[in-house]
Amino acid sequence: MYTLAIISQARKASSKIYAIIPYMGYARQDRQFLSGEVVTMSIVAKMLQAVGAKKVIVVDIHSKTALNHFKIPTVNVSAIPELAKYFKKLKIKKPFVVSPDTGGSSRAKKFASLLNTDFITLKKSRNRNTGKVQIQSSKVDVHGRDLIIIDDIISTGGSIIKATQFLKKQKCKRIFVACTHGLFVGDAERKIKKAGVSKIISTNTIPRSTSKVDMAGVIAKSI
């Protein structure tokens with residue numbers, strides 16, 4: 001609502017208003033998953049357009065389908081190159097990139113390519129009613145390797161925790177976690193580290209203690 005009010009007021013001074021929304025949380029509800037659910041993303045898109053936004057800029061939106069609800073230009077900025085730059089500085093020897101689910105496979109592939117390494121994708125299922133996550137992969141060859149689990153959003157940390165527990169059983173070495181949007185609801189960060197993660201890195205789309213990657217410059221270039 002605050003963003004809508006600012007855009008409405010800004011229209012009095014300019015006809016070209018760009019809405020920069022680094023974390024578009026509503027994108028997780030871009031369609032009806034269960035009967036009776038509201039497609040929140042559709043409503044948000046209509047409101048932003050109604051108050052006068054002429055362009056919307058987001059960072060690593062959860063589902064690109066969400067942008068189809070807009071009738072104005074949209075830009076989806078990727079944080080993957082910036083995250084890769086950060087991890088290169090850590091000088092981890094031959095890290096193996098892991099996507100916690102098939103939906104993030106292309107993200108992991110791009111991240112691994114920038115780090116000049118390989119990647120794997122785990123198979124995951126989530127109960128839409130309970131939110132419970134299960135890793136369906138049976139076995140992966142990560143013995144003795146340092147791993148980087150890459151995801152776009154970490155909320156409760158359920159997927160990351162399950163993936164970490166599974167990978168630890170495969171006798172991997174250290175596990176690092178990288179994400180664009182670190183919500184870390186409740187004590188998610190503590191639970192993730194307790195599961196066996198050595199370090200968590202996120203961008204500053206949501207300011208946290210884990211926010212080591214600045215997206216301001218990349219966003220500025222997209223305007």
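Here are the numbers:
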{"item": "Single match in PHE184, PHE166, PHE176 (criterion: in contact (Cβ under 8 Å) with a residue 24 or more places away in the chain and within 20 Å of ALA84 (Cβ to Cβ))", "result": "PHE176"}
{"item": "Boolean, ALA5 is modelled with pLDDT of 90 or more, surrounded by fewer than 17 Cβ atoms within 10 Å (Cβ to Cβ) and either in a helix (DSSP H, G or I) or at negative phi (or both)", "result": "yes"}
{"item": "Any pair with Cβ under 6 angstrom, 6 or more apart, that starts in the range 81-102 at a residue that is closer than 20 Å to ASP214 by Cβ and ends at one that is among the aliphatic types (A, V, I, L, M) and part of a loop (DSSP other than H, G, I, E, B)", "result": "ALA84/LEU115"}
{"item": "Qualifying residue in the range 42-55 (condition: in contact with a Pro (Cβ under 8 Å, 6 or more places away or on another chain) and in contact (Cβ under 8 Å) with a residue 12 or more places away in the chain)", "result": "yes"}
{"item": "Residue under evaluation ALA27, criteria (1) more than 14 Å from THR74 (Cβ to Cβ); (2) outside any loop (DSSP other than H, G, I, E, B), criterion not met", "result": "(1)"}
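The values are calculated or read from the model by the stated rules, or taken from the named source; none is laboratory data. What you see is a predicted model; the values in this text were computed from it and never measured. Positions of Cβ are backbone-derived with ideal geometry, glycine not excepted, and every protein chain shown enters the neighbour counts.
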